[in-house]
Amino acid sequence: METTTILIIAVAVLVLWVIFSYNRLVRTRNRVREAWADIDVQLKRRYDLIPNLVETVKGYASHEKSVLENVTKARANAISAEKTGDPKKVAEAENQLAGTLKTLFAVSENYPDLKASDNFLELQRELRDTEDKIQAARRFYNRNVRDFNTKIEMFPVNIIAGMFKFEKRDFFEIEEPAERENVEVKF
């Protein structure tokens, strides 16, 4: 074979490899975006359920005003954080909201009529189901972020990733060790 033919074949293989690598990175980045959108859907569902839950509890536990205010405030903070799209800020706000919801459910223990209310029980089931879906969406997102970050760091794809400005993504994780602890409620 002529040197020119070998050179053309080598360049063609290199170009095909660049195209293949770029397309794999785009596909993985889109999976990360899809996973983030799944988290958004579940968080929106949670945000929609919380006002109904708070209103239901208000009727029974009117003197537990501070707990209800904390839940409402944490919900507003979580919605604001979600709009930033920053997983670290969202995780922090969501963990705060989860803590206030645990407190709200603990307060409900003092109100037997509330605990027996069909409306409250249904909202509690819906919220528990939503929390489970949020956890699953977070795991799915983190798996995709792991795969994406691994691909853009591994040689030789890291060269392509650098050329096309693919950047590492942050995991959706708890920052503070104290947030990993169960909420303790005492009356």
### Task
Keeping to the range 106-134, report how many residues are assigned to a helix (DSSP H, G or I) and buried (at least 18 other Cβ atoms within 10 Å of the Cβ).
9
### Task
Filter the range 135-145 for residues that are of a type in the set (K, R) and buried (at least 18 other Cβ atoms within 10 Å of the Cβ) and give the result.
R138
### Task
For P51, work out the one condition from (1) buried (at least 18 other Cβ atoms within 10 Å of the Cβ); (2) more than 30 Å from G162 (Cα to Cα); (3) without any contact (Cβ under 8 Å) to a residue 60 or more places away in the chain it doesn't fulfil.
(1)
### Query
Would the range 3-11 turn up any residue that is in a loop (DSSP other than H, G, I, E, B) and more than 30 Å from R125 (Cβ to Cβ)?
no
### Query
Considering the range 1-55 alone, what residues qualify as being under 23 Å from L97 (Cα atoms) and not hydrophobic (A, V, I, L, M, F, W, C)?
D38, D40, Q42, K44, R45, R46, Y47, D48, P51, N52, E55
### Query
Considering only the range 76-96, how many residues are over 13 Å from the mean Cα position of the chain (by Cα) and either modelled with pLDDT under 80 or surrounded by 15 or more Cβ atoms within 10 Å (Cβ to Cβ) (or both)?
2
### Task
Working carefully through the options E55, E34, find the one that is among the acidic types (D, E), at pLDDT 85 or above and either part of a helix (DSSP H, G or I) or within 14 Å of the chain's Cα centre (by Cα) (or both).
E34
### Message
Quick test of your reading of the structure: A78 fulfils all but one of (1) closer than 18 Å to D38 by Cβ; (2) out of contact with any helix residue (DSSP H, G or I) (no Cβ under 6 Å at 6 or more places or on another chain). Name the failing condition by number.
### Response
(2)
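Please work out if A81 is free of Cβ contacts under 8 Å to residues at least 12 places away in the same chain, in a helix (DSSP H, G or I) and under 27 Å from R169 (Cβ atoms).
When the stated conditions are applied, A81 does not pass them.
Does M163 meet the test of being out of contact with any Phe, Trp or Tyr (no Cβ under 9 Å at 6 or more places or on another chain), under 28 Å from V18 (Cβ atoms), at pLDDT 85 or above and of a type outside the set (S, T, N, Q)? Steps first, please.
Working: out of contact with any Phe, Trp or Tyr (no Cβ under 9 Å at 6 or more places or on another chain): no; under 28 Å from V18 (Cβ atoms): yes; at pLDDT 85 or above: yes; of a type outside the set (S, T, N, Q): yes.
Judged against the criteria, M163 is not a match.
The values are calculated or read from the model by the stated rules, or taken from the named source; none is laboratory data. Predicted model only: the values in this text are computed from it and were never measured. Cβ sites come from the backbone with ideal geometry, for glycine too, and all protein chains shown count toward neighbours.
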